[in-house]
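Here the structure is laid out as structure tokens; the discussion comes afterwards.
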């Protein structure tokens, strides 16, 4: 890619970037209260862990404290992540709203 092409991509990333930056955490060795405290303290975090069904596959997603960290077209949905003490540690994530989807 040319120098101008790289500059254009970098500019697009800056313009299209989120209004906030989320820190990424590997939660493989964390207990549920630790993970929930991270989300509560930082507001939005990327949690990373290994898949239980596909050996070695890293899984990560953005988890949030409340809807303030979602896009305007998104709503909060309950989700769960695996921790050292629980298979399903309750957290929240943003998902696209289905209200305006044609049926």
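The values are calculated or read from the model by the stated rules, or taken from the named source; none is laboratory data. Note that the coordinates shown come from a computational prediction; the quantities given were computed from them, not determined experimentally. As a convention, Cβ positions derive from the backbone with ideal geometry for all residues, glycine included, and neighbour counts pool all protein chains shown.
For this structure, a couple of remarks:
- Of residues in region 53-79 being without any contact (Cβ under 8 Å) to a residue 40 or more places away in the chain and within 15 Å of residue 26 (Cα to Cα), the one surrounded by the most Cβ atoms within 10 Å (Cβ to Cβ): 63
- If you go through region 11-63 and keep only what is at pLDDT 85 or above and touching a helix residue (DSSP H, G or I) at 6+ places or on another chain (Cβ under 9 Å), you end up with 22, 23, 25, 27, 30, 43, 44, 45, 47, 62, 63.
- When we screen 42, 34 for residues that are surrounded by 15 or more Cβ atoms within 10 Å (Cβ to Cβ), under 28 Å from residue 98 (Cα atoms) and over 11 Å from the mean Cα position of the chain (by Cα), the only hit is 42.
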